[in-house]
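Read-outs throughout are calculated quantities, based only on the coordinates presented, and are distinct from any laboratory measurement. Predicted, not measured: the structure shown is a model, and the values here were computed from it. Ideal geometry is used to build each Cβ from the backbone, glycine not excepted, and the neighbour counts take in all protein chains shown.
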Amino acid sequence: MNGTSALRRWAMRGLLALVILLIAAVVAGWAAVRASRPQLDGEVALPGLTAPLSLGRDERGTLVVEGRTRLDVARGLGFAHAQERFFEMDLTRRSAAGELAALFGEQALDRDRQRRLHRLRARLTDRFEQLSGEDRLLLLAYTEGVNAGLHELPVRPWQYLLLRARPQDWTPVDSMLVVGEMYFMLQSDSLEAGLERAMLREQVGDSVFAWLSPRGGRWDAALDGSQIPPPVMPTPAQLDLRVGAVPGGAPASAPSSTSPGAPAAIAPTPRERPVIGSNNWAVSGTRSAHGGAILANDMHLGLGVPSIWYRAQFRIGTGQGAIRAAGVTLPGVPAMVVGSNGVVAWGFTNAYGQWFDWVDVPADAAVTTHTETLEVMGGPSRTLEVQEINGSPIVVTAGKRRFALHWIAHEGAAYNLELDRLLQVRHVSEALALAQRAGMPHQNLLAADRDGQIGWTIAGRLWSQPGLDVSYGRFVAPSATRHDWMTPERSPQVLSPAQGQLWTANHRQLGGDAGELLGDGDFDLGARAQQIRDRLAEKTRHDEASLGAIHLDDEARFMKSWATRLLAAARTDAGTNPTHRAFVQLLENWNGRADADQAAYRLVRQARLRVLDTLWDAWITPSRGERQVDPQRNIRWRNQFEYSAARALDERPAHLLPAAFGDWDALLLAQLDAAARDMAPDGNLGAATWGAQNTSRIQHPLAKAIPALSRWLDMPSVPQGGDDNLPHVAAPAFGQSERLVVSPGREDHGWLSVPGGQSGHPMSPFYGAGHQDWVEGKPTPLLAGPVIHRITAHRD
């Protein structure tokens, strides 16, 4: 008995000791994470300063940098970026360079191999030496600030504690890699679309290709009012679904969709299209209530924690000549990306021109080989052989064919810091001219100034285009990849439009010769742009509130056109079919908006996706076979396919109807039935609201890898309205990464809402700050409030 008691005592002591060790480990971990918090008050030393520098923060963490020179302010911004966001900056440079495996191990190797093919670190190292002296000094000053901010932390950033890794110092080339990552983020989908279109043309031939890949239609909202003729419908001789096999293996005599034979023609799940984003719009002083031009901007990007953008205000210099600017910065680069300098305001949306060629590489072509070394955390390094032809990497192999990518992002001239000089412009015309010289991913720049003028142009370097007839959806020979850099004077622009309004939403902006200069890199439908344009035209005078309301416009004008078709089909047998009678009731009671509580919107949306999938598969199936460039690749429909599908549904040609369906109403009803099953397997369609599917999921990158961290790191999930073909773009992890409204000179009336918070440290008071206002659509002031924390920096 005594032995048993002693054993129990020792066991209890051991358990107690284990608990104490665990508590000590948790406390030590908590203390270490806490010690890595950014500094908010006190004094620091920064190398190279010409005078003391102030770094203030308001209750939301908005950074207010006040310094004597532009370089001093860059050092201060770099210091704050590193303290709040170094881990995110590190991920961005590593992603662009293909160096993530050095931090995350073998699981990141595939991603690194894809990115390392582009050899951006090598290319941009060369480019840095070619930059102007002014640009190099700005990058060096920012780098000094970043490394000072990193080293000033008592403990390395908390993310590296979890990963058991140490951060590497920042370099000027790393800032250029951040720009390179934005090229990937903003243009990768265009590259993929260009490749698949060229493959599709070879597969189906020119006539059917033109039908499957139209370039415009009824939703166009070009700034110049241009229209593109609708696609020519294939003749029965070119495409006839009444002859031969049909999708799903159903016979040509298959019964209508409501019969037992129908499910063979129903795809198992609809293919969701990637959301395309960014809106901006402006009115001139002749259209504003106070006589000043007003600009609004919401850039749509993937949403995460912290937000991609970092709110900041600059004051450079003293007295009357001081530069004062407010807006958002991108951690990793020193520029203010979007904002206002008190005289001119500017904002961006992605421009989907054709900034690339897909090169068909001959089997006997001479290539250059580079050997790249991929470092791997916890394992041996790997090597990667990169083959290039005329400097363009071979990135796709399909059977015996190879395709190289000639991309403007590979060119050194596509990178410079001209964007930073927007801080100094005094008129819209200056902003347009500067944007046309900027080395950056191509964007629609809208600018507005205090004198009431507004203007549009393409920001980013442009190269000559051979014309859409030889570039759209085609592979090119290696000899056809020469492009000359266009002078800024040739860049298209619109200055002081007569109607006093401008708008862009990733759609085609211009037709004719100007449109040929840009090419087509997979423009979005004009539905968003058209609705914004019309909202602007509804009022003769606007103020900040009326312009800002467009950010949250959920009216689903585009989807109403689909609701009309589907409702008409459902009514054909609603008297005898209880399910279709329920569809009629649901659609007739729809409020016409993409609101979170609307099940009807979700039903129409889901049915549309299924219809497009069904028609796409049916129309490309007859051409599948030996003509396919890559049988392993599932070529997807793109946004403009809407025009061809809608025309077929409205005109109902017999030869384009998939043979599994008795008539066009049967096709629509089959997709409605399937959409309802997708939404509500239990049959409770009314409870299957749009918000239940479109619930926000704004996560920290580490929470994605370690789900247990989600409750501490992620933003709360909430049902949300909005969608991709209306102004309020919103998806679970994609949407309005900022909402800006500003009239230059009236910044105190402007607002700037950002999701995800300012700081990347979960123990910071600014982690998630402002997010709830963004969720609720409440205007957050553009200008910082009273400074509650201040750091004074002195020269090291």
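Below are the figures for this structure:
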| quantity | calculated |
| --- | --- |
| Segment 427-493 shape via C-alpha gyration tensor axes, a/c threshold 1.5 | prolate |
| Range of Cα positions in segment 376-435 per principal axis (Å), largest first | 54, 36, 17 |
| Cα point-scatterer Debye curve for segment 261-413, base-10 log of I(q)/I(0) at q = 0.15 Å⁻¹ | -1.08 |
| Dipole-positive endmost among VAL376, GLN758, LEU186 within the chain (Cβ charges, Cα centre) | VAL376 |
| Percentage, to the nearest whole number, of Cα pairs in segment 476-549 over 19 Å apart | 54 |
| Dipole axis of the chain (+1 Lys, Arg; -1 Asp, Glu on Cβ), positive-most option in ILE323, LEU502, GLY105 | GLY105 |
| Rounded tilt (10° steps) of 172-204 against the dominant C-alpha axis of the chain | 10 |
| Acute angle (nearest 10 degrees) that the helix 557-571 long axis makes with the longest principal axis of the chain, alpha-carbon atoms | 40 |
| Theoretical ellipticity at 222 nm over the chain - DSSP helices of four or more residues, -39500 (n - 2.57) apiece, nearest 500 | -11000 deg cm²/dmol |
| Distance from segment 177-244 to segment 419-453 (C-alpha centre basis), Å | 31 |
| Tensor-based shape of segment 479-626 (alpha-carbon gyration tensor, a/c under 1.5 rounded, otherwise prolate or oblate) | oblate |
| Dipole-positive endmost among ASN279, GLY512, LEU55 within the chain (Cβ charges, Cα centre) | LEU55 |
| Electrostatic dipole magnitude of segment 109-193 [Cβ: Lys, Arg +1; Asp, Glu -1; Cα centre; debye, to 20] | 440 |
| Packing rank of 645-652, 291-298, 533-540, where each peptide gets the mean count of other beta carbons within 10 Å, highest leading | 291-298, 645-652, 533-540 |
| Nearest-20 debye value, segment 386-488 charge dipole, Cβ charges on Lys, Arg, Asp, Glu | 440 |
| Neighbour-count order for LEU91, LEU100, LEU77, fewest beta carbons within 10 angstrom listed first | LEU91, LEU100, LEU77 |
| Loop-located trypsin sites (Lys or Arg not before Pro) in segment 86-187 whose Cβ has at most 13 other Cβ within 10 Å (DSSP) | ARG164 |
| Globularity index of the chain, i.e. its alpha-carbon radius of gyration over 2.2 N^0.38 Å | 1.01 |
| Burial ranking of peptide ranges 760-768, 775-783, 482-490 (average Cβ count within 10 Å, highest at the top) | 760-768, 775-783, 482-490 |
| Three-way shape call for segment 75-168 based on the alpha-carbon gyration tensor, with the a/c threshold at 1.5 | oblate |
| Principal axis box of segment 653-796, alpha-carbon based, largest edge first, Å | 79, 44, 32 |
| Mean Cβ count within 10 Å, highest first, over the residues of peptides 512-524, 371-383 | 512-524, 371-383 |
| Assigned charges on the beta-carbon of Lys, Arg, Asp, Glu; the chain dipole about Cα centre (debye) | 1480 |
| Ellipsoid semi-axes in whole angstrom, largest first, where each is sqrt(5λ) of the Cα gyration tensor of segment 384-508 | 35, 17, 12 |
